[in-house]
Amino acid sequence: MNVKLGMRIPPKIGAEGMESTAKLAVKAGLDVLDLPRLTPEWKAVCEAAGLGFGTIDAKHTAQLLSRDEARRADAVEATKKEISDIAALGGRVLFMCLVPEDHTLPRKDGFELFKDSFPEVVKHAEQQGIYIAIEGWPGPAPHYPTLGCTPEMWRAMFNAIPSKHFGLNYDPSHMVRLGIDHLRALGEFGERINHVHGKDTEILHDELYECGVLEATFGAKYGFSEGSWRYTIPGHGEVDWGKVAVRLERLGYQGAVSIELEDHRFWGSLEAETQGIERAAQHLAKYFR
């Protein structure tokens, strides 16, 4: 299997500028970058370094799920323009995390807003050759309002919008922390995977005993954690990336696997982030090269 590897740009690495970021990515053996935005200047830097694009972040996602009808309508038009601009520069995958404006909004109510705003957005994405990939992060505690983080929600969303131009950013780290079988999810929803994040989760069994699956009352002991779990680089958690790779190959997946660095051991400095990206890339290359 020969899948492109990439990364979302961590903060300290990104602060060095796009040219430095591109050089670091090439040195780490990566093929693509997931970008917060796509500009002609950034496109030129990536092309000069021999890098492609993974995903491009959407800007108006929260407003697409606003309780205010006028704000949703404005966000639909803004997102359509964004899709057109990205397509014109050669982008292919638009990344979204469907966190509504109101973090207390029940997911069932958010789903009704989704059905109002997203059909027009996806139709335009189809016309422009853009694929939307939604992230499975459940959202901020304590309400966890994000749409598209569980199989029951994916099933409902894909029934509402059958187009493959609306699909998943497959990130097994979120499923592990939620207790969802990430390999079974590949079997059921594999045809709707438009992008993959290389991120892992370690289950902290002592902390699980202390607070169960609830958020820790007195604060998590580790960064990128809520108590009984912590996000890690691939290879340091519960995900069997060899099995993930086999299933993606069987599905004929043609996209990228992009490292999303959220691990407290590889955070806080340029050196730490660089080490985290390099180690993650080395682990993923065992299965995707």
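The values are calculated or read from the model by the stated rules, or taken from the named source; none is laboratory data. None of the values given here were measured: they were computed from a predicted structure. We place every Cβ from the backbone using ideal geometry, glycine too, and count neighbours over all the protein chains shown. Just the protein is used for accessible areas: all its heavy atoms, side chains included, with ligands, DNA and RNA removed. Shrake-Rupley method; radii C 1.70, N 1.55, O 1.52, S 1.80 Å.
Assorted remarks:
- Some residue of the stretch 70-92 being touching a Pro at 6+ places or on another chain (Cβ under 8 Å) and basic (Lys, Arg): no
- Residue that is in a loop (DSSP other than H, G, I, E, B), open to solvent by less than 20 Å² (accessible area, probe 1.4 Å) and either among the small types (Gly, Ala, Ser) or free of Cβ contacts under 8 Å to residues at least 24 places away in the same chain (or both), where the choices are Gly167, Gly148, Gly190: Gly148
- Positions within the stretch 81-92 being closer than 19 Å to Glu120 by Cβ and not small (Gly, Ala, Ser), in sequence order: Lys81, Glu82, Ile83, Asp85, Ile86
- Some residue of the stretch 148-163 being touching a helix residue (DSSP H, G or I) at 6+ places or on another chain (Cβ under 6 Å) and among the aliphatic types (A, V, I, L, M): yes
- Where Ile130 falls short, out of the listed (1) closer than 23 Å to Phe224 by Cβ; (2) surrounded by 18 or more Cβ atoms within 10 Å (Cβ to Cβ); (3) of a type in the set (A, V, I, L, M, F, W, C): (1)
- Taking (1) surrounded by 23 or more Cβ atoms within 10 Å (Cβ to Cβ); (2) within 19 Å of Phe189 (Cα to Cα) in turn, Ala125 satisfies each apart from (2).
- Only residues that are under 20 Å from Glu260 (Cα atoms) and in contact with a Pro (Cβ under 7 Å, 6 or more places away or on another chain) were counted across the stretch 134-152, and they come to 3.
- Single residue of the stretch 131-145 satisfying the filter (of a type in the set (A, V, I, L, M, F, W, C), outside any loop (DSSP other than H, G, I, E, B) and in contact (Cβ under 8 Å) with a residue 40 or more places away in the chain) that is farthest from Thr79 (Cα to Cα): Ala133
- On the stretch given as the stretch 170-187, residues that are surrounded by fewer than 20 Cβ atoms within 10 Å (Cβ to Cβ) and part of a loop (DSSP other than H, G, I, E, B) total 3.
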